[in-house]
Amino acid sequence: MPLIQLKTKIEAPLERVFDLARSIDAHMASTEGTNERAIAGRTSGLIEMGETVTWEATHFGVKQRLAVRVISFDRPHLFSDEMISGAFASMKHVHRFSFEGTGTLMSDEFHFSAPLGILGRAAERMFLTRYMTRFLAARSLALKELAESDGWRRYLPPEAELNDKENSASPVPHLHRSAEKR
């Protein structure tokens with residue numbers, strides 16, 4: 001089973017990056033090249049623990065659907081989603097977020113396996129892993145550009161700015177308002 005690991009340094013507050021990564025609308029904007037859109041389950045806004053979303057996109061010239069469920073959620077540090085139906089034999093995407101310097105380190109771990117046994121494993125080695133790495137890297141870059149500009153305001157509610165200001169004022173870098181409320 002291939003594992004793709006990506007790390008993206010983003011000069012933006014942790015909570016903003018976390019929420020952009022789980023925004024259905026920002027996801028669609030960040031994957032314009034595949035015409036990805038949410039067609040069932042959560043189709044807009046911020047996905048939460050236990051929720052599902054079904055994506056429809058064009059990959060390799062073929063329209064495909066992928067349904068995932070959020071299986072772990074710890075705002076603003078981690079969420080993961082797992083395929084419940086789709087073209088892969090299996091797929092799990094772990095999204096991690098941590099402070100790094102003046103910004104956020106966004107880490108992606110994407111585990112997947114292709115169907116069709118030995119033919120699927122050959123496809124993974126020959127082109128699928130490279131394709132998925134480029135796809136995920138392009139999405140990460142798009143999220144970085146949104147988070148570091150005013151673009152994020154199109155996808156997050158107005159209170160996200162207030163949370164950014166509150167948390168950046170916290171005297172202890174690793175202690176945030178969202179964690180204090182637990």
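The values are calculated or read from the model by the stated rules, or taken from the named source; none is laboratory data. Computed from a predicted model, the values in this text were never measured in an experiment. Virtual Cβ from ideal backbone geometry, glycine too; neighbours counted across all protein chains shown.
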Restricting to the range 106-138, name every residue that is in contact with a helix residue (DSSP H, G or I) (Cβ under 9 Å, 6 or more places away or on another chain) and closer than 18 Å to Lys9 by Cα. Met106, Asp108, Phe110, Phe135, Ala138
Which one is nearest to Phe73 (Cα to Cα) among residues in the range 20-31 that are in a helix (DSSP H, G or I) and in contact (Cβ under 8 Å) with a residue 60 or more places away in the chain? Ala21
Checked against (1) at pLDDT below 95; (2) in a helix (DSSP H, G or I), Thr58 satisfies every condition except (2)
Of the residues in the range 146-162 that are loosely packed, with under 15 Cβ neighbours inside 10 Å and under 13 Å from Leu46 (Cβ atoms), the one that is modelled with the lowest pLDDT is Glu159
For Thr133, only one of the following conditions fails: (1) within 17 Å of the chain's Cα centre (by Cα); (2) over 28 Å from Ala40 (Cβ atoms). What is its number? (2)
The condition from (1) within 25 Å of Gly41 (Cβ to Cβ); (2) over 12 Å from the mean Cα position of the chain (by Cα); (3) not basic (Lys, Arg) that Phe127 misses is numbered (1)
Look at Pro173 and say whether it is in a loop (DSSP other than H, G, I, E, B), under 26 Å from Asp25 (Cα atoms) and modelled with pLDDT under 95. no
Is the range 86-98 home to any residue that is crowded, with 18+ Cβ neighbours inside 10 Å and in contact (Cβ under 8 Å) with a residue 40 or more places away in the chain? yes
Mind checking which residues of the range 32-55 are surrounded by 18 or more Cβ atoms within 10 Å (Cβ to Cβ) and either assigned to a loop (DSSP other than H, G, I, E, B) or free of Cβ contacts under 8 Å to residues at least 12 places away in the same chain (or both)? Glu36, Ile47
Selection from the range 68-81 of residues that are farther than 15 Å from Arg42 by Cβ and in contact with a strand residue (DSSP E or B) (Cβ under 8 Å, 6 or more places away or on another chain): Ser72, Pro76, His77, Leu78, Ser80
Out of Leu105, Leu143, report the one residue that is touching a residue at least 24 places away in the same chain (Cβ under 8 Å), of a type outside the set (Asp, Glu) and either in a loop (DSSP other than H, G, I, E, B) or crowded, with 17+ Cβ neighbours inside 10 Å (or both). Leu143
